[in-house]
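Okay, structure first, notes after.
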Amino acid sequence: MKSPLLSLPGAVPAEGVDEGVAAHYGDIFREQRTLADGKGLVDLSHRGVLTVTGEDRLTWLHLLVTQHVTDLRPGQATEALILSSNGHIEHGLSLVDTGDTLWAHVEPGSQEALIAYLESMKFFYRVEVTDRTEDIALIQLPAGSIAEVPENVAVRETPYGRDVFLPRAELESYAAAHGPLAGVLAHEALRVEAHRPRVGFETDHRTIPHELGLIGSAVHLQKGCYRGQETVARVENLGKPPRRLVFLHLDGSEVHLPTPGTPVRLASDGGEDGRKLGFITTSVRHHELGPIALALVKRNLPVDAELLAGDTAAAQETVVEP
C-alpha cells in the first residue's frame, strides 16, 4: 500500500520491506527528537491489518499463538507469535481486542500468508478473519502524545506509544491536524534504542523466541498447546538458546553503517579474517547515541568482548543474558 503522505513536501520514500511510506521528511534527527518528546506521528500505513470477529475469536486464537489471550480485556494490548512446528518464528502479531473485534497489525506484506494459515485452522469455530489493509491505515503516536484520536477506532496503548487503526480515507486529514510527521527511519532508531526486535529484521529462518528475549512479552509459558510449544518448553526447562540478541554501540568515526547481515567477529581474532560469531540485524543513526545496532550472536560470546561489525569497532550491551 502506497501512502498518500508520500506526496507531501520533503517526503523521501522508504525502501525494502518498508516501501510505501516515507523513510523521512528531510531531517532524520529532528524527527527522532520530535518523537522522543512525545509529539508528532509515524505513518505505518504499509503494515498489514487484519481483524478477527465472532464469539469464539479469543478461545480460537489462543490455540494458535504463543500468548495467553482467552482473558484478553477490551483495550488491553499484547503481542503474540506464530511458530513453525520446530519452534521457529514465522509471524509476529500486535493485538488489541475492542470487546467484539480482535485487531492485529503485522509486518508489511505478511498478512496474506498469515490469513491463509488462520483460515486453514478455523474448523468448527465461529470466527471470521478479514484483511483490512486496504481500508485501514496504521499510525503510531509516540509515548506521551496528547493528540486526540477519532471516536470508534481501535487504539492499542503500549509503553512505546499508541497504535491507531485509522480509516485510510482519514489518513491525510489526521496527519495534517496532528503532525509533524516522522518517517520510519526515526521510528526504527527509537526501536533499536529500546532493544525491541522486529520479525523479519531480528529473525531468520531458525530464530526461536528465547534468542530475542520474547518470553513473557510475546510468549506465555503457562498456557495450553500451540504449534512449536515443544521447542519453547525444551529450551526453557532444559537448556539455553544457541544465540542471543545484543545491542551494539558502533564506532562513530565510520562514514557507513554496517548493513544487515554484516558479520560480527572478535576484534582480537584477526579482524575480517576471524571466525564469524554473529551478524548485524538492524543498524541506525541515533540523535543522541550515534550509530547503534542490534545483532544476533552466539550465546557463549563473552559479554565484555571487543567486537568488529565488518570493519567497524563495536561494544555490546546485553539484551538477552548468555
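The values are calculated or read from the model by the stated rules, or taken from the named source; none is laboratory data. Remember, predicted model here, so these are calculated numbers, not experimental data. Cβ: placed from backbone, ideal geometry, glycine included. Neighbour counts: every protein chain shown. What goes into the accessible areas is simple: the full protein's heavy atoms, side chains included, and nothing from ligands, DNA or RNA. Shrake-Rupley method; radii C 1.70, N 1.55, O 1.52, S 1.80 Å.
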Only one of THR70, THR53, THR59 that is in contact with a His (Cβ under 9 Å, 6 or more places away or on another chain), open to solvent by 30 Å² or more (accessible area, probe 1.4 Å) and over 14 Å from HIS187 (Cβ atoms): THR70
So THR259, is it part of a strand (DSSP E or B) and more than 18 Å from LYS240 (Cβ to Cβ): no
Pairs with Cβ under 9 Å, 6+ apart, first in segment 103-118 and at positive phi, second crowded, with 18+ Cβ neighbours inside 10 Å and at pLDDT 95 or above: GLY109/HIS46; GLY109/GLY48
Top-ranked residue in segment 304-322 [being part of a loop (DSSP other than H, G, I, E, B), out of contact with any Lys or Arg (no Cβ under 6 Å at 6 or more places or on another chain) and of a type in the set (A, V, I, L, M); ranked as least open to solvent (accessible area, probe 1.4 Å)]: ALA305
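For every residue, the table says whether it meets (1) surrounded by fewer than 22 Cβ atoms within 10 Å (Cβ to Cβ); (2) out of contact with any strand residue (DSSP E or B) (no Cβ under 7 Å at 6 or more places or on another chain); (3) not basic (Lys, Arg).
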{"position": "PRO74", "(1), (2), (3)": "yes, no, yes"}
{"position": "LEU83", "(1), (2), (3)": "no, no, yes"}
{"position": "GLU90", "(1), (2), (3)": "yes, no, yes"}
{"position": "LEU93", "(1), (2), (3)": "no, no, yes"}
{"position": "THR98", "(1), (2), (3)": "yes, yes, yes"}
{"position": "LEU102", "(1), (2), (3)": "no, no, yes"}
{"position": "HIS105", "(1), (2), (3)": "no, no, yes"}
{"position": "SER110", "(1), (2), (3)": "yes, no, yes"}
{"position": "ALA113", "(1), (2), (3)": "yes, yes, yes"}
Criterion violated by VAL129 - all others in (1) under 20 Å from the mean Cα position of the chain (by Cα); (2) more than 19 Å from GLN76 (Cβ to Cβ); (3) open to solvent by less than 50 Å² (accessible area, probe 1.4 Å) satisfied: (1)
Given (1) farther than 28 Å from ASP71 by Cα; (2) open to solvent by 10 Å² or more (accessible area, probe 1.4 Å); (3) of a type outside the set (Phe, Trp, Tyr), number of the condition GLN222 does not satisfy: (1)
Count of residues meeting criterion [part of a strand (DSSP E or B) and farther than 20 Å from ARG30 by Cα] in segment 273-303: 10
Condition check for GLU230: under 19 Å from HIS91 (Cα atoms), open to solvent by 50 Å² or more (accessible area, probe 1.4 Å) and acidic (Asp, Glu): yes
